[in-house]
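The values are calculated or read from the model by the stated rules, or taken from the named source; none is laboratory data. The shown structure was predicted, so the numbers you read here are calculated from the model rather than taken from an experiment. All Cβ positions, even for glycine, are placed from backbone atoms using ideal geometry, and neighbour counts span all protein chains on display. Quick note on the areas: whole protein, heavy atoms, side chains included, nothing else; ligands and nucleic acids left out. Shrake-Rupley method; radii C 1.70, N 1.55, O 1.52, S 1.80 Å.
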Amino acid sequence: MKCAALATVPLVLAGCGGPLSTLTPSGPIAQDIAWLWWALLAGAAALALMVFVLVALGFGRPREVAEGRWVFGMGVWFSLAVLTVTLVGALWVGERILPHGPALEVQAHARQWSWTFTHPGAQGPTETDGVLHIPAGQPVDVLITSSDVIHSFWVPQLGGKMDAIPGRQNRLRIEASRPGTYEGLCAEFCGLEHAAMRFEVIAHDPAAWPPLPTTEGIRP
Amino acid sequence: MRRVGGMVWLGWLIAGPTAWAAAFSVAYGLHGLGCELGWPAVNVGPASLQRVAIALPSLAAILLCLVLLARVKATLGPEAGIPRLGLWIGLIATLYTMAPVLVATSCGA
């Protein structure tokens, strides 16, 4: 039984890597989110450790326990301290990743079950299906819309996620530090083909931006 | 000191968390309404109408908890212990819920 449990550890940890992992960020916004994730994990681990120690103290022979220290010292003040630090961290990160200041704007339109993107091109705006082109090394605001049900735009390595809601336009800031291809997905269950509603983000070298209309998949 | 009935004691017990829950629900609703109606751009003194509108229900809940804390011992006598804890929980939870309202950006931009 122990061996079976240990054997699952590599399988679980394998989910921490790969192109859809928030723990392998490729831009400053995703880096901030990953930092917050680690801070929350550390806080949760500290609280869990306190509970485990408390449970361990319950075993063995009856003994004198400093109730005040555990109930108020650890139960109240330690827990409040962890909560306060993580709350301040979350507010700080939350402010940093908002779309403040100028940024290049692109549009992402969702429908069951595909994405269409519109972005600046060398000869005017261009449209692509399933591939979003952005320049690397600068912030990009994605203006997100939907024509049927609620979807959600998410490129884990480049930023947070944002719902695509019929009838309104939401704005999400993403940024890639280096040129490359990143994977994105719909992060809100939207029907039978939801799991296949993937897309790619190609971050171009700033010197080669905007991409030429001859780039694969781009149409004027 | 007269004894307080079971349901009244129960009412004191849940008063703190209920005040927090009510303030949170009202603030949540006002936040969405304010974003739609453009309240962040309307100034009320040094703060925006958005912050004032969201903070007011929380301030009311904090005030209610403080008033009840001042009266709990006189009303419940020796049975005031756990209801007093409930009021402290409501008070601190409301402070934590309200704190981001005073500093965080509203409406996502």
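Between the helical axis of A:2-14 and the longest alpha-carbon principal axis of chain A there is an angle of about 30 degrees.
Rounded to the nearest 10 degrees, the inclination of helix A:79-96 to the longest alpha-carbon principal axis of chain A is 10 degrees. Sequence-distant contacts, meaning Cα pairs under 8 Å at least 6 residues apart, place the relative contact order of chain A at 22 percent. Heavy-atom accessible area for B:Ser25, with the other protein chains in place and a 1.4 Å probe, reaches approximately 80 Å². Ligands, DNA and RNA excluded, the heavy atoms of A:Lys161 present near 110 Å² of accessible surface to a 1.4 Å solvent probe. Normalised by the number of residues in the stretch A:76-171, the mean separation of alpha-carbon contacts (under 8 Å, six or more apart) gives a relative contact order of 22 percent. Between A:Glu183 and B:Tyr96, the FRET efficiency from the beta-carbon distance, with R0 = 45 Å, is close to 0.75.
Relative intensity of chain B on a log10 scale, I(q)/I(0) at q = 0.21 Å⁻¹, equals -0.98, per a Debye sum over C-alpha point scatterers of equal strength in the absence of solvent. For the protein assembly as shown, the solvent-accessible area of protein heavy atoms averages 57 Å² per residue (probe radius 1.4 Å; ligands and nucleic acids excluded).
For chain B, the list of Cys residues with no other Cys C-beta under 4.7 Å reads B:Cys65.
How would the stretch A:1-131 be classified by its alpha-carbon gyration tensor: rounded, prolate or oblate, with rounded meaning a/c under 1.5 and the a/b versus b/c comparison settling the rest? It is oblate, given that a/c is not under 1.5 and a/b is not larger than b/c. Under 5 Å from the amide H of A:Ser152 lie the amide H atoms of A:Ala164, A:Ala187, A:Glu188, each residue being 5 or more positions distant or on a separate chain, with H modelled from the backbone and absent for Pro and chain starts. For the stretch A:1-77 versus the stretch B:58-80, the spacing of their alpha-carbon centroids is 36 Å. Subtracting the Cα-Cα distance of A:Val85 and A:Val65 from their residue separation scaled by 0.36 nm leaves 4.4 nm.
Taking amide H positions as modeled 1.01 Å from N, with prolines and chain starts lacking one, the residues under 5 Å from A:Ser146 and 5 or more places away or on another chain are A:Ala110, A:Ile165, A:Gly167, A:Arg168.
In order along the stretch A:135-142, the phi-based Karplus estimate (6.51 cos²θ - 1.76 cosθ + 1.60, θ = phi - 60°) of 3J(HN,Hα) comes to x, 7, x, 8, x, 10, 9, 9 Hz; Gly and Pro are listed as x. Applying 1/(1 + (r/R0)^6) with r as the Cβ-Cβ distance of B:Lys73 and B:Ile14 and R0 = 22 angstrom yields a FRET efficiency of 0.75.
Amide hydrogen proximity for A:His133: with H placed 1.01 Å from N in the peptide plane, the residues at 5 or more positions away or on another chain lying under 5 Å are A:Ile202. Against the criterion of solvent-accessible heavy-atom surface with a 1.4 angstrom probe, B:Arg71, A:Arg168 sort, most first, into B:Arg71, A:Arg168. For a distance above 21 Å, tell me the whole-number percent of Cα pairs in chain A that qualify. When every Cα pair of chain A is considered, 64 percent fall beyond 21 Å. Placing a pseudo-label 7 Å from each Cα along the Cα-to-Cβ vector at A:Asp205 and A:Thr8 gives an inter-label distance of 4.7 nm. Ellipticity at 222 nm from helices only: DSSP H runs of n ≥ 4 in chain A, each -39500 (n - 2.57), divided by the residue count, give -9500 deg cm²/dmol.
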